[in-house]
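Visitor: A single structure is presented below for examination.
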Amino acid sequence: MHIMILGAAGMIGRKLAQSLSADGHRLTLADVVPPPVLPNATGLTLDLTAAAAPSLIAGRPDAIIHLAAIVSGEAEADFDKGYATNLDSTRALLEAIRATPGYVPKVIFASSIAVFGAPFPAKIPDDFFTTPRTSYGTQKAITELLISDYSRRGFIDGVSIRLPTICVRPGLPNKAASGFFSNIIREPLVGKPAILPVSDTVRHWFASPGAAVGFFRHALTLDLTRLGDRRALSMPGLSATVAEQIEALRRVAGQKAVDLITRQPDETIAKIVATWPCDFDTARAHALGFVAEASFDDIIAAHLKDI
């Protein structure tokens with residue numbers, strides 16, 4: 001299969017590309033910075049814009065995995081950049097596909113639980129409506145509608161994969177408002193200090209990077225006609241509080257690691273996080289074969305295995 005990954009230089013993009021390359025798939029990897037160099041892969045370094053969209057699909061990949069985006073905190077801070085990157089570029093891609101006669105690729109879009117906003121129930125069901133409370137969530141929700149409508153019209157065969165917050169993310173902290181969820185685990189595990197900007201009682205929805213790779217790999221094999229017209233899926237994950245995260249860290253690395261966490265309240269981050277959902281009923285995704293971790297200890301173990 002010829003698979004294109006947009007946002008292939010990002011954390012999930014790299015892991016997914018490595019996994020698919022190992023399976024022998026032909027890959028086209030695109031990002032604003034050089035994507036990984038892998039067997040059977042062609043790398044493209046460019047911005048996903050209206051001008052670039054036709055050249056991206058010139059090779060008619062069988063499937064397009066769309067991970068390219070700027071993260072939540074940056075999208076909230078820079079309104080114009082958020083909409084240009086997270087919405088306009090995707091619309092341009094879909095229009096380029098629609099303008100290509102006889103070309104109907106599978107399109108797997110990386111959406112987010114940020115499409116949901118308060119007030120919502122303690123556990124969000126599959127049929128709950130989307131009412132985002134951030135620009136990032138709004139951009140993702142609009143794109144979900146586009147994926148569904150272009151699929152309904154037969155221009156693409158698409159699905160939107162609503163990712164939990166991915167934790168523990170390797171590497172350096174990024175501009176995502178959710179970044180601290182990873183920071184308070186990743187940094188203390190290697191003896192570095194970390195800042196906790198919210199209360200220990202904050203609850204959130206998590207999955208590991210490995211689980212995220214598994215979501216996209218599984219979506220590639222899935223007969224999307226099983227989704228009918230409901231082309232957005234909330235992925236399985238784990239609901240945990242910050243306090244439960246810290247207790248899992250204590251079990252793995254001891255009190256010395258926990259002592260490296262400094263509580264430093266940040267009202268801006270706290271307000272953003274307060275609008276996010278914290279638990280889901282993902283029966284629909286489970287029935288379709290998607291899986292994730294069952295405990296935060298498992299998430300930390302997955303991280304330790306990767307470093």
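No lab work stands behind these numbers, since they all come straight from the coordinates. Please read all numbers here as calculations on a predicted model, not as lab measurements. Quick reminder, even Gly has a Cβ in these numbers, built from the backbone with ideal geometry, and neighbours come from all protein chains shown.
Visitor: Can you list residues from other chains, or at least 5 along the same chain, whose modelled amide H is less than 5 Å from the amide H of residue 239?
Guide: 206
Visitor: What's the exposure ranking of 196, 224, 48, going from fewest to most Cβ atoms within 10 Å?
Guide: Working: 196 20, 224 17, 48 23.
Taking fewest neighbouring Cβ atoms as first place, the list is 224, 196, 48.
Visitor: Can I ask one more? Spin-label point model (7 Å from Cα, Cβ direction): what's the residue 264 to residue 60 distance in nm?
Guide: Computed distance between label sites residue 264 and residue 60 equals 5.4 nm.
Visitor: Spelling out what I want: for every residue of the stretch 165-170, take phi, set θ = phi - 60°, compute 6.51 cos²θ - 1.76 cosθ + 1.60 (Karplus), and round to whole Hz; glycine and proline get x.
Guide: For the stretch 165-170, the Karplus curve yields 5, 8, 8, 9, 6, x Hz.
Visitor: Also, I was wondering about something else. Taking the number of other C-beta atoms within 10 Å as the exposure measure, put 161, 184 in order starting with the fewest. Provide the component values of the computation, followed by the final result.
Guide: Working: 161 24, 184 27.
Result, fewest neighbours first: 161, 184.
Visitor: Do any trypsin sites (Lys or Arg not before Pro) in the stretch 226-299 lie in a loop, going by DSSP, with at most 13 other beta-carbon atoms within 10 Å of their beta carbon, and if so which? Numbers along the way, then the final one.
Guide: Values: sites: 226, 230, 231, 250, 251, 256, 263, 271, 284; in loops: 230, 231.
Those satisfying the criteria are 230.
Visitor: Taking 19 Å as the cut-off for C-alpha to C-alpha distance, list the pairs among 15/305; 123/305; 192/256 that go past it. Mind dumping the intermediate values first?
Guide: Details: 15/305 14 Å; 123/305 31 Å; 192/256 11 Å.
Going by Cα-Cα distance, 123/305 fall outside the 19 Å limit.
Visitor: Assuming 0.36 nm per residue, please report the length gained on full extension of the stretch residue 241 to residue 229 beyond their Cα-Cα distance.
Guide: Details: separation 12, 0.36 × 12 = 4.32 nm, distance 3.41 nm.
Difference between extended and current length: 0.9 nm.
Visitor: Now for a separate question. Whose amide H sits under 5 Å from the amide H of residue 44, counting only residues 5 or more places off or on another chain, with H placed in the peptide plane?
Guide: Answer set, sorted by chain and number: 29, 30, 31.
Visitor: Then there's this: In deg cm²/dmol and to the nearest 500, what is the mean residue ellipticity at 222 nm of the chain if only DSSP H runs of at least 4 residues count, each as -39500 (n - 2.57), divided by the residue total? It would help to have the intermediate numbers written out before the result.
Guide: Working: 13 runs with 119 residues, N = 307.
Mean residue ellipticity at 222 nm (helix-derived): -11000 deg cm²/dmol.
Visitor: Using the basic label-point model (7 angstrom from Cα toward the beta carbon), what is the residue 50 to residue 286 distance in nanometres?
Guide: Once both label points are built, they end up 4.5 nm from each other.
Visitor: With +1 assigned to the C-beta of every Lys and Arg and -1 to the C-beta of every Asp and Glu, and no other charges, what is the dipole magnitude of the chain about the Cα centre in debye, to the nearest 20? Each step should come with its number before you reach the end.
Guide: Details: 30 positive and 30 negative charges, 73 e Å.
Dipole of the chain, to the nearest 20 debye: 360 debye.
Visitor: Hey, in the GNM for the chain with a 10 angstrom Cα cutoff, which one of 239, 21, 89 fluctuates hardest?
Guide: 21
Visitor: Would you mind getting me the FRET efficiency between residue 80 and residue 255? Use the beta-carbon distance for r and R0 = 45 Å, nearest 0.05. Walk me through the intermediate numbers first.
Guide: Values: r = 46 Å, r/R0 = 1.02.
After rounding, the FRET efficiency stands at 0.50.
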